[in-house]
Amino acid sequence: MAVKNYILVCGGTACESAKGDDIYKALLKEAEAHGVADDVQIVKTGCFGFCEKGPIVKVLPEQAFYVEVVPEDAKEIISETIVKGRIVERIQYQPEKGAKGEAFDIENIEFYQKQYRIVLRNCGLINPENIDEYIARDGYSALEKCLFEMKPDDIIEELKKSGLRGRGGAGFPTWMKWNFTKQVDGGQKYVVCNADEGDPGAYMDRSTLEGDPHSVLEAMIIAGICVGADYGAIYIRAEYPLAIERLETAMKQAREYGLLGNDILGSGFNFDIELRLGAGAFVCGEETALLASIEGKRGMPIPKPPFPAVKGLFRKPTVINNVETFANIPIIITKGGDWFAQIGTEKSKGTKVFALTGKIKNSGLVEVPMGTTLREIVFDIGGGIRGGKKFKAVQTGGPSGGVITEEFLDTPIDFDNLVSIGSMMGSGGMIVMDEDDCIVDVTKFYLEFCVEESCGKCAPCRIGTKKLYEYLDRFTKGKGQIEDIQKMKDIGNAMKKASLCGLGQTAANPVLSTLRYFPEEYRQHIEDGKCIAGKCKDLVHYEIVTEKCIGCTVCARKCPVNCIEGERKKPHVIDQTKCIKCGACYEGCKFDAIIVS
């Protein structure tokens, strides 16, 4: 039955936690109450990407784009937009540029203008729990093509032409990985999806699974056809309950439609998938540790070769790719490898999804063509730094990535360029820092994460991460020695060469890259005992400037330990013996009467 309007409600984890489900139910209730339930289809979708403004509700064909919606807005959305066809200006997104209140297409919103959504093509558009909506968007047409029109070599050829490289971090050519497994003669083979997304600030794979689970299932089945496997597993961390729920729903529906299980679409080909839940260990993002975990063993890496493509799960040939890599496969098969290869740079084709977070105005999921510059991502899409602060650096590649400084803002982002400037693509986490961030303190945070997540199997990683953390900890307490810098470089370089897996090989990246680009800030901590950002508490001293203090008492009232004394309308004093250096007084003072030294 045709309807006049569509209301799309963001159903990603972030919006769900902000009462997204209540908004959805309230819209259904109000549509019924206003007698328009048959005229409007209300759909809960996957993530829109623009997380900074969530929960988001989009109304078609009016092109209303409502942000920061609450359940109480449902009545007005229905009565005004659906019944009367009018935009609710109060909650309509207001672009920084352009006419206020003007109806616009989502593509014209600055956050989306430089994006190219291939992996996220269905997120925010379809109901991820309805297989018919995925099929209506050409879903499973690639599977049909692979079953009845293409041979395994044809699939490999299309992937080769596409230039697709694995999006899990290493950037290994996907066609080559699949071809290694395909070339192993006979016997049991497997297809595994790595959905163990453990980087702080990263949620690209989770959002893809929540918003478009069928695209990953379809790609895994295609991989099975290509390499001769009949079984697949999705290894996903148990902390992703919504993604797990939607995957289970999608798998059930695919089996009911004859797209998963025995004799798929009457082709005689059998392939089934099961979920394997991980306990949230970062090292299980490494493929051999992940496979060990599926086998019921402790998640620890093993030396390579042999590579999983030849001896993987249960020592059988295994194709293992991450969520984003798989999500690219169906559209490559449908539109062709040549189409995909037109996007991106010479050696990095297609797009990349980043989780843009930190000191940025517009945080969210960003999918851009490879070759987009960091300046475009941070300032055009992300809207620049919050509060008019100065850009300092961007951490890419997660806790084991590196920092990128202002001088590299115009570097086209792709696998090779990031490595050349001391960072890496990783899975796609991108954390923006401003002038208030202490680079030593940030580096210490990442090393602490790596110390906790190291499995401890190899000495370079187990001991190296701990020693690097100890040096950084001493720096933040004003107890470092200048010769420690060279020791850290030596340890870091040794870890890169001698560690068993990717975690240890890259864990020193934050140290090496920040030493390279911020040597002066390290020197200030070590030689001057100074933290210019005021983040290292042992090096910070808060003091009230008597001439500027008017005795408003705001600082005293904000102090959590009551260490500020003074009479009203008279200069106050901080008791340094009680001060915990939380900075609450500094942030609360409107007269610049408190200085950090």
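The values are calculated or read from the model by the stated rules, or taken from the named source; none is laboratory data. Values in this document were obtained by computation on a predicted structure and should not be read as measured data. Counting neighbours? That spans all protein chains shown, and the Cβs are built from the backbone with ideal geometry, glycine included. The protein model used for the area step is the full one, side chains on, heavy atoms only, and it has no ligands, DNA or RNA in it. Shrake-Rupley method; radii C 1.70, N 1.55, O 1.52, S 1.80 Å.
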Only unsatisfied item for residue 279, checking (1) within 22 Å of the chain's Cα centre (by Cα); (2) at pLDDT 95 or above; (3) open to solvent by 70 Å² or more (accessible area, probe 1.4 Å), is (2)
Pairs where the first residue, in segment 393-407, is assigned to a helix (DSSP H, G or I) and the second is among the small types (Gly, Ala, Ser), C-beta under 6 Å, 6+ apart: 398/426; 398/429; 400/507
Complete set of residues in segment 144-178 that are touching a Lys or Arg at 6+ places or on another chain (Cβ under 8 Å) and more than 24 Å from residue 425 (Cα to Cα): 152, 156
Can you pull out every residue in segment 517-560 that is closer than 13 Å to residue 477 by Cα and among the hydrophobic types (A, V, I, L, M, F, W, C)? 526, 531, 536, 539, 540
Give me the helices (runs of 4 or more DSSP H) completely within segment 465-532, filtered to those with at least 1 residues that are closer than 25 Å to residue 285 by Cα and of a type in the set (Val, Ile, Thr), ordered by residue number. 484-498, 502-506, 509-517
From the options 318, 325, residue that is polar (S, T, N, Q), open to solvent by less than 70 Å² (accessible area, probe 1.4 Å), modelled with pLDDT of 95 or more and in contact with a strand residue (DSSP E or B) (Cβ under 6 Å, 6 or more places away or on another chain): 318
Restricting segment 371-383 to residues that are assigned to a loop (DSSP other than H, G, I, E, B) and under 17 Å from residue 357 (Cβ atoms), the residue that is least open to solvent (accessible area, probe 1.4 Å): 382
What are the pairs with Cβ atoms under 7 angstrom where one residue, in segment 144-167, is assigned to a loop (DSSP other than H, G, I, E, B) and the other, located anywhere, is open to solvent by 10 Å² or more (accessible area, probe 1.4 Å) and among the hydrophobic types (A, V, I, L, M, F, W, C)? Sequence gap at least six, or different chains. 163/341; 166/172
With the structure loaded, tell me whether residue 233 is in contact (Cβ under 8 Å) with a residue 24 or more places away in the chain, assigned to a strand (DSSP E or B), open to solvent by less than 20 Å² (accessible area, probe 1.4 Å) and in the same structural domain as residue 329 (by the TED database) or whether it fails that test. yes
Here is a check on your reading of the model: is residue 303 assigned to a loop (DSSP other than H, G, I, E, B), assigned by the TED database to the domain that holds residue 155 and more than 26 Å from residue 206 (Cβ to Cβ)? yes
Which residue is most open to solvent (accessible area, probe 1.4 Å), if the candidates are limited to segment 535-555 and must be in contact (Cβ under 8 Å) with a residue 60 or more places away in the chain and not in a helix (DSSP H, G or I)? 535
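Rundown of residues vs (1) open to solvent by less than 70 Å² (accessible area, probe 1.4 Å); (2) assigned by the TED database to the domain that holds residue 468, yes/no style:
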position	(1), (2)
485	yes, yes
499	yes, yes
513	yes, yes
533	yes, no
568	no, no
578	no, no
582	yes, no
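Matching residues to (1) touching an Asp or Glu at 6+ places or on another chain (Cβ under 7 Å); (2) closer than 18 Å to residue 123 by Cα; (3) without any contact (Cβ under 8 Å) to a residue 60 or more places away in the chain; (4) of a type in the set (A, V, I, L, M, F, W, C):
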residue: 37; (1), (2), (3), (4): no, no, yes, yes
residue: 58; (1), (2), (3), (4): no, yes, no, no
residue: 63; (1), (2), (3), (4): yes, yes, yes, no
residue: 73; (1), (2), (3), (4): no, no, yes, no
residue: 80; (1), (2), (3), (4): no, no, yes, no
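Residue by residue, here is whether (1) assigned by the TED database to the domain that holds residue 356; (2) surrounded by fewer than 23 Cβ atoms within 10 Å (Cβ to Cβ); (3) touching a helix residue (DSSP H, G or I) at 6+ places or on another chain (Cβ under 7 Å) holds:
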{"residue": "14", "(1), (2), (3)": "no, yes, yes"}
{"residue": "22", "(1), (2), (3)": "no, yes, yes"}
{"residue": "27", "(1), (2), (3)": "no, no, yes"}
{"residue": "31", "(1), (2), (3)": "no, no, yes"}
{"residue": "34", "(1), (2), (3)": "no, yes, yes"}
{"residue": "49", "(1), (2), (3)": "no, no, no"}
{"residue": "52", "(1), (2), (3)": "no, yes, no"}
Could you please give the count of residues in segment 291-315 that are over 26 Å from the mean Cα position of the chain (by Cα) and buried (at least 20 other Cβ atoms within 10 Å of the Cβ)? 3
Could you tell me which numbered condition residue 356 fails, if it satisfies all but one of (1) part of a strand (DSSP E or B); (2) more than 21 Å from the chain's Cα centre (by Cα); (3) not hydroxyl-bearing (Ser, Thr, Tyr)? (2)
Hey, residue 388 in contact with a Ser or Thr (Cβ under 8 Å, 6 or more places away or on another chain), closer than 26 Å to residue 365 by Cα and modelled with pLDDT under 95 or not: no
Being surrounded by 24 or more Cβ atoms within 10 Å (Cβ to Cβ) and either of a type outside the set (A, V, I, L, M) or touching a residue at least 12 places away in the same chain (Cβ under 8 Å) (or both): is that true of residue 368 here? no
Close pairs (7 angstrom Cβ cut-off, 6 or more residues apart or separate chains): in contact (Cβ under 8 Å) with a residue 60 or more places away in the chain in segment 10-25, open to solvent by 10 Å² or more (accessible area, probe 1.4 Å) and charged (D, E, K, R) anywhere: 11/44; 13/206
